Amino acid sequence: MPPLIRPAVAADVPLILTLVRGLAAYEKLLHEVEATEEKLSVTLFGPRPAAECLLAFTPAGAPAGCAIFFTNYSTFLARPGLYLEDLFVLPEFRGQGIGKALLLHLARLANQRGCGRMEWTVLDWNQPAIDFYESLGAERKTDWTICRLSGAALARHA
């Protein structure tokens, strides 16, 4: 049986935070997590949601993973895009098709919304994820470098 995938609702915020923290621990970035239930409630379910979340459950109903995404925009295509911020499957459920089901669900959603592309980043040391994404037809864009202003550097320009 395939996993159940559904949009998250406000009552799912504690589960979402648990999954976000699980992803951060896997990526060795737990020290960077500032998310709280309150912040997630506002940014995912408040008056101006910044992102959306899909939750995946095993056929038996156990929470298994999530995908957090938002709309971006391509000036070259003059179309919206779907940006996958986080994809995470709990370790005990990996290898059961849950990550693939989440990605394919998002690809269908991107098509339904008229998106010209779907994008995400992957850590360069995460070879299992890279192999998985490439097996689905994803192309790595190795000629682009991510630039980021955050924390004090961003605040300097307030």
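Look at segment 93-108: where a residue is touching a residue at least 12 places away in the same chain (Cβ under 8 Å) and a partner is in a helix (DSSP H, G or I) and not hydroxyl-bearing (S, T, Y), sitting 6+ places away or on another chain with Cβ atoms under 7 Å, you get G99/F132.
Looking at segment 54-70, is at least one residue more than 20 Å from R6 (Cβ to Cβ), aliphatic (A, V, I, L, M) and either surrounded by 13 or more Cβ atoms within 10 Å (Cβ to Cβ) or in contact (Cβ under 8 Å) with a residue 24 or more places away in the chain (or both)? Step through it out loud before you land on a result.
Here is the first cut: in segment 54-70, the residues more than 20 Å from R6 (Cβ to Cβ) are none.
No - not one qualifying residue is present in segment 54-70.
Looking across segment 85-106, just one residue is buried (at least 18 other Cβ atoms within 10 Å of the Cβ) and more than 16 Å from the chain's Cα centre (by Cα), and that is F93. Taking segment 110-136 as the range and being within 21 Å of R79 (Cα to Cα) and either surrounded by fewer than 10 Cβ atoms within 10 Å (Cβ to Cβ) or in contact with a strand residue (DSSP E or B) (Cβ under 8 Å, 6 or more places away or on another chain) (or both) as the test, the residues that pass are A110, Q112, R113, G114, C115, G116, R117, M118, E119, W120. Scanning segment 33-49 for residues that are within 15 Å of T18 (Cβ to Cβ), among the hydroxyl-bearing types (S, T, Y) and out of contact with any Leu (no Cβ under 8 Å at 6 or more places or on another chain) turns up just one, S41. Of all residues in segment 19-39, none are of a type in the set (S, T, N, Q) and surrounded by 13 or more Cβ atoms within 10 Å (Cβ to Cβ). When residues of segment 17-69 are filtered for being in a loop (DSSP other than H, G, I, E, B), under 20 Å from L90 (Cα atoms) and not aliphatic (A, V, I, L, M), how many remain? So the answer is 6.
Restricting attention to segment 112-154, the residues that are among the basic types (K, R) and in contact (Cβ under 8 Å) with a residue 24 or more places away in the chain total 2.
Can I5 be described as at pLDDT 95 or above, more than 21 Å from N126 (Cβ to Cβ), β-branched (V, I, T) and not in a helix (DSSP H, G or I)? It is true that I5 is at pLDDT 95 or above, more than 21 Å from N126 (Cβ to Cβ), β-branched (V, I, T) and not in a helix (DSSP H, G or I).
Just one of (1) within 20 Å of G22 (Cα to Cα); (2) assigned to a strand (DSSP E or B); (3) among the acidic types (D, E) fails for E92. It is (2).
Output the qualifying pairs, or none if there are none: Cβ atoms under 6 angstrom, residues six or more apart or on different chains, first residue in segment 77-88 and within 25 Å of L19 (Cβ to Cβ), second residue acidic (D, E) and modelled with pLDDT of 95 or more. Here the result reads Y83/E119, each pair linking segment 77-88 to a residue that is acidic (D, E) and modelled with pLDDT of 95 or more.
Applying the condition of being more than 17 Å from R94 (Cβ to Cβ) and within 15 Å of the chain's Cα centre (by Cα) to segment 1-12 and asking which residue is surrounded by the most Cβ atoms within 10 Å (Cβ to Cβ) yields A8. In segment 109-156, of all residues being of a type in the set (D, E, K, R) and assigned to a loop (DSSP other than H, G, I, E, B), the one that is farthest from C53 (Cα to Cα) corresponds to R156.
The values are calculated or read from the model by the stated rules, or taken from the named source; none is laboratory data. Keep in mind the model is a prediction, meaning the values are calculated, not measured. Neighbour counts run over all protein chains shown; Cβ positions are idealised from the backbone, glycine included.
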